[in-house]
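Okay, so here's the structure we're looking at.
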Amino acid sequence: MNYSHEVEQMCYVQKGPHHGPAPIPEEGKWVKATQITDISGLSHGIGWCAPQQGACKLTLNVKEGVIEEALLETIGCSGMTHSAAMAAEILQGKTILEALNTDLVCDAINVAMREIFKQLAYGRTQTAFSEGGLPIGASLEDLGKGLRSQIGTMFGTNAKGVRYLEMSEGYVLEVGLDGQNEIIGYKFVNLGKMMASIRKGDDPKKAFEDNVGTYGRLDEAVKIVDPRKE
């Protein structure tokens, strides 16, 4: 190690107290993290690309510094879905430091990795106070029984008002309006459950009908609107 002339001429002063890093909460215990293997937890990070055309939600389950589980959810960019497929192959088995310094194909995914790293490094995780953390596979609970991301798609114009296109319950089929043309309910089909029924061998028409539901006061609607046509 090289020192400048000024430093070489200085006298030595003994270092005082050394108390180490502040402890962070990890899976129900307090940890003084000094190396990557000290980090455990499940958390989420949100990332976006430079033109902000799309966004990524990244969920990682880290055990002793190693990524054991990764869930990637993307929206707004068709290319990002393919990037997520590649990133999902890349991430597991890496330490979080390796993953932070790995090209995860898409800027939005790279930013999500940066954000989740900060969550993990500072103990701001979903499992900070959960003893033992969560088992591998826990991130799938975010998707529900249909194993589909929680998606909300709405469109509105000043001229014609709002259109509900997709809710967490499913793909919106109809929107109900009251006498003042305000939305009071909607009909939807749960695509995840419908496709699961079809894969089991159910008739597609029956699978569709069995997974249609309503929300709100649709039965009181004065007018029913197809949000994709009217």
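Please treat every number below as a calculation from the coordinates, not as lab data. Nothing here was measured: the structure is a model prediction, and the numbers come from that model. Backbone-built Cβ (ideal geometry, glycine too); neighbour counts: all protein chains shown.
Could you give the size of the charge dipole of segment 122-230 about its Cα centre, using +1 on the Cβ of each K and R and -1 on the Cβ of each D and E, expressed in debye and rounded to the nearest 20?
320
If you take every residue apart from Ala88 with its C-beta less than 11 Å away from the C-beta of Ala88, what net charge results, scoring Lys and Arg +1 and Asp and Glu -1?
So the surrounding residues net to -3.
Name the most mobile residue of Leu173, Leu120, Leu72, meaning the one with the largest mean-square fluctuation, in a Gaussian network model of the chain with Cα contacts below 10 Å.
Comparing Leu173, Leu120, Leu72 in the GNM, the peak value goes to Leu173.
Please identify every one of the trypsin sites (Lys or Arg not before Pro) in segment 126-205 that sits in a loop by DSSP and has no more than 15 other beta carbons within 10 Å of its own beta carbon.
Qualifying residues, ordered by number: Lys145, Lys160, Lys200.
Rank Met154, Met80, Met194 by mean-square fluctuation in a GNM of the chain with C-alpha springs under 10 angstrom and give only the top-ranked residue.
Met154
Could you tell me which of rounded, prolate or oblate describes segment 63-151, using a ≥ b ≥ c as the square roots of the eigenvalues of the alpha-carbon gyration tensor, with rounded for a/c under 1.5 and, failing that, prolate when a/b is larger than b/c and oblate otherwise?
Oblate, since a/c reaches 1.5 and b/c is not below a/b.
Need one number: the % of Cα-Cα pairs in segment 153-225 sitting beyond the 14 Å mark.
Across segment 153-225, Cα pairs with separations above 14 Å total 62 percent.
Using Cα atoms only, what is the angle between the long axis of helix 107-121 and the major principal axis of the chain, expressed in degrees (0 to 90) to the nearest 10?
Result, in degrees: 60.
Ignoring everything except DSSP H segments at least 4 long, calculate the 222 nm mean residue ellipticity for the chain; use -39,500 (n - 2.57) per segment, divide by total residues, nearest 500. Present the calculation step by step, with values, prior to reporting the outcome.
Values: 6 runs with 54 residues, N = 230.
Computed ellipticity for the chain at 222 nm equals -6500 deg cm²/dmol.
Rg and Dmax in Å for segment 99-139, alpha carbons only: what are they?
Cα-based Rg and Dmax for segment 99-139 come out at 12.2, 34 Å.
Give the long-range amide H neighbours of Ile39: residues separated by 5 or more places, or on another chain, with amide H under 5 Å away, using H modelled in the peptide plane at 1.01 Å from N.
Placed amide hydrogens put Gly65 under 5 Å from Ile39.
So if I place +1 on the C-beta of Lys and Arg and -1 on the C-beta of Asp and Glu, and nothing else carries charge, what would the dipole magnitude of the chain be about its Cα centre? I want it in debye, nearest 20.
It works out to roughly 280 debye.
Label 7 Å along Cα→Cβ of Met195; segment 39-75 residues with amide nitrogen under 16 Å?
72-75
Work out how much length Gln9 to Leu165 would gain on full extension: take 0.36 nm times their residue separation and subtract the Cα-Cα distance, in nm to one decimal.
Result: 49.0 nm gained on full extension.
Lys/Arg Cβ at +1, Asp/Glu Cβ at -1, dipole of the chain taken about the Cα centre: which of Gly45, Phe117, Cys56 is farthest positive-ward?
Cys56
Please work out, to two decimal places, the log10 of the ratio I(q)/I(0) at q = 0.07, 0.08, 0.16, 0.18 Å⁻¹ from a Debye calculation in which every Cα of the chain carries one identical scatterer.
-0.38, -0.47, -1.11, -1.19
Quick one: among Asn110, Asn190, Asn101, which has the greatest mean-square fluctuation in a GNM of the chain with alpha-carbon springs under 10 angstrom?
The residue with the greatest mean-square fluctuation here is Asn101.
What is the helix-to-structure angle for 78-91, meaning the angle in degrees between its Cα long axis and the longest Cα principal axis of the chain, kept from 0 to 90 and rounded to the nearest 10?
In the chain, helix 78-91 runs at an angle near 40 degrees to the longest axis.
Using a simple spin-label model with points 7 Å from Cα along the Cα→Cβ vector, what separation in nm is obtained for Tyr215 and Asp38?
4.4
Quick one: Phe208, Phe155, fewest Cβ neighbours within 10 Å first, how do they rank?
Listing Phe208, Phe155 from fewest to most nearby Cβ atoms yields Phe155, Phe208.
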